[in-house]
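Okay, structure first, notes after.
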Amino acid sequence: GAGVSQSPRYKVAKRGQDVALRCDPISGHVSLFWYQQALGQGPEFLTYFQNEAQLDKSGLPSDRFFAERPEGSVSTLKIQRTQQEDSAVYLCASSLRLADTQYFGPGTRLTVL
Amino acid sequence: AQKITQTQPGMFVQEKEAVTLDCTYDTSDQSYGLFWYKQPSSGEMIFLIYQGSYDEQNATEGRYSLNFQKARKSANLVISASQLGDSAMYFCAMRVHSNFGNEKLTFGTGTRLTIIP
């Protein structure tokens, strides 16, 4: 079956612009996670949804970051007024249930100029 | 807090040889899971293998096995008969089972494996 998909794969933004990154989880997967991966580092947790409920957003680095999953399927990570330090790969993962293996999408590489 | 340590930034291995990638972890929780993911240059994270903290036997998946030593808090990945396609970044990760409803993964810094023909 289809895996996790993310769009766009690459995004270049000028400093101060708003961006929206989309994640389509595996069909039927209840749990959805966003991670941020800086160059040369491992991914770091940003936020987590169970269905449409955002249960943990403790990893979001600032109030410029906002995530939603209104219908419990597709999720969008929005970054307002982008800064250069926001440049990273943003990975989305989903799992069938909370404690199951997380499967990752290909990521969106964001470059802020 | 949980921590994953991968001490090998890079490794070079001859094709068809076995390779061990090191991973140590730190947690005070009794119930946790350990994962290995592969990240090729294309960027996606590919799940390889999982070991639960209460599993008595080491996990195996094809050419991958996980050498789990609970007392030493280590979870090394062993790849047998390495292939050119194994060249990638490898990440060790830990998930702690919590009552807060979150099962986030904590990752190490990764090991870049290069297979030499």
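The values are calculated or read from the model by the stated rules, or taken from the named source; none is laboratory data. Note that this is a predicted model, so its numbers are computed, not measured. All Cβ positions, glycine included, derive from the backbone under ideal geometry; neighbour counts span all protein chains shown.
Go through the residues of the stretch A:57-65 one by one and say whether even a single one is touching a residue at least 40 places away in the same chain (Cβ under 8 Å) and acidic (Asp, Glu).
No, that holds for no residue.
Which residues, counting only those in the stretch B:58-117, are free of Cβ contacts under 8 Å to residues at least 40 places away in the same chain, among the basic types (Lys, Arg) and within 11 Å of another protein chain (Cβ to nearest Cβ)?
Passing the criteria: only B:Lys104.
How many residues, within the stretch A:58-79, are surrounded by fewer than 15 Cβ atoms within 10 Å (Cβ to Cβ) and more than 11 Å from the chain's Cα centre (by Cα)?
Of the residues in that region, 7 qualify.
Name every residue in the stretch B:56-98 that is of a type in the set (Asp, Glu), in contact with a strand residue (DSSP E or B) (Cβ under 7 Å, 6 or more places away or on another chain) and either modelled with pLDDT under 95 or in a strand (DSSP E or B) (or both), in order of residue number.
Residue satisfying the conditions is B:Glu61 alone.
If you take the residues in the stretch A:18-41 that are within 11 Å of chain B (Cβ to nearest Cβ) and of a type in the set (Ser, Thr, Tyr), which one is nearest to A:Arg81 (Cα to Cα)?
A:Tyr35
Might you check whether a residue that is surrounded by fewer than 14 Cβ atoms within 10 Å (Cβ to Cβ) and in a strand (DSSP E or B) occurs anywhere in the stretch A:46-55?
yes
What about A:Gln41, is it within 22 Å of B:Ser42 (Cβ to Cβ) and in a loop (DSSP other than H, G, I, E, B)? It would help to see each step written out before you state the result.
Working: within 22 Å of B:Ser42 (Cβ to Cβ): yes; in a loop (DSSP other than H, G, I, E, B): yes.
When the stated conditions are applied, A:Gln41 passes them.
Go through A:Thr82, A:Thr101, A:Thr111 for me and flag whichever is over 13 Å from the mean Cα position of the chain (by Cα), more than 8 Å from chain B (Cβ to nearest Cβ), not in a strand (DSSP E or B) and not hydrophobic (A, V, I, L, M, F, W, C). Spell out the reasoning first.
Values: A:Thr101 fails: more than 8 Å from chain B (Cβ to nearest Cβ); A:Thr111 fails: not in a strand (DSSP E or B).
Just a single option satisfies the conditions, and that option is A:Thr82.
For the stretch B:1-45, give me the residue count where each residue is touching a helix residue (DSSP H, G or I) at 6+ places or on another chain (Cβ under 9 Å), crowded, with 19+ Cβ neighbours inside 10 Å and within 11 Å of chain A (Cβ to nearest Cβ). Spell out the reasoning first.
Going residue by residue through the stretch B:1-45, those that are touching a helix residue (DSSP H, G or I) at 6+ places or on another chain (Cβ under 9 Å) are B:13, B:15, B:19, B:38, B:40.
From what's left, crowded, with 19+ Cβ neighbours inside 10 Å: B:19, B:38.
With the extra rule that they be within 11 Å of chain A (Cβ to nearest Cβ), the set shrinks to B:38.
Residues in the stretch B:1-45 being touching a helix residue (DSSP H, G or I) at 6+ places or on another chain (Cβ under 9 Å), crowded, with 19+ Cβ neighbours inside 10 Å and within 11 Å of chain A (Cβ to nearest Cβ): 1 in total.
Could you tell me how many of the residues in the stretch A:43-80 are in contact with a strand residue (DSSP E or B) (Cβ under 9 Å, 6 or more places away or on another chain) and of a type in the set (Asp, Glu)?
4
What's the number of the only condition in (1) surrounded by 14 or more Cβ atoms within 10 Å (Cβ to Cβ); (2) more than 12 Å from every other protein chain (Cβ to nearest Cβ); (3) of a type in the set (A, V, I, L, M) that B:Ile49 fails to meet?
It fails just one condition, (2).
Are any residues in the stretch A:80-94 of a type in the set (S, T, N, Q) and buried (at least 20 other Cβ atoms within 10 Å of the Cβ), and if so, which ones?
Residues of the stretch A:80-94 that are of a type in the set (S, T, N, Q), as a first pass: A:80, A:82-84, A:87, A:94.
Answer for the stretch A:80-94, where residues must be of a type in the set (S, T, N, Q) and buried (at least 20 other Cβ atoms within 10 Å of the Cβ): A:Thr82, A:Ser94.
Condition first: of a type outside the set (A, V, I, L, M, F, W, C), touching an Asp or Glu at 6+ places or on another chain (Cβ under 7 Å) and at pLDDT 95 or above. Can you find one or more residues in the stretch A:4-15 that meet it?
Step one: list which residues in the stretch A:4-15 are of a type outside the set (A, V, I, L, M, F, W, C), which gives A:5-11, A:14-15.
Adding the requirement that they be touching an Asp or Glu at 6+ places or on another chain (Cβ under 7 Å) leaves A:5.
Adding the requirement that they be at pLDDT 95 or above leaves A:5.
Yes, the conditions are met somewhere in the stretch A:4-15.
Quick one: in the stretch B:61-117, of everything that is under 24 Å from B:Asp29 (Cα atoms) and among the hydroxyl-bearing types (Ser, Thr, Tyr), which residue is surrounded by the most Cβ atoms within 10 Å (Cβ to Cβ)? Let's see the steps before the verdict.
So in the stretch B:61-117, the residues under 24 Å from B:Asp29 (Cα atoms) come out as B:65-77, B:91-110.
With the extra rule that they be among the hydroxyl-bearing types (Ser, Thr, Tyr), the set shrinks to B:65, B:74, B:98, B:106, B:109.
On the way: B:Ser65: 19, B:Ser74: 17, B:Ser98: 14, B:Thr106: 21, B:Thr109: 16.
Once the filter is applied, the top-ranked residue is B:Thr106.
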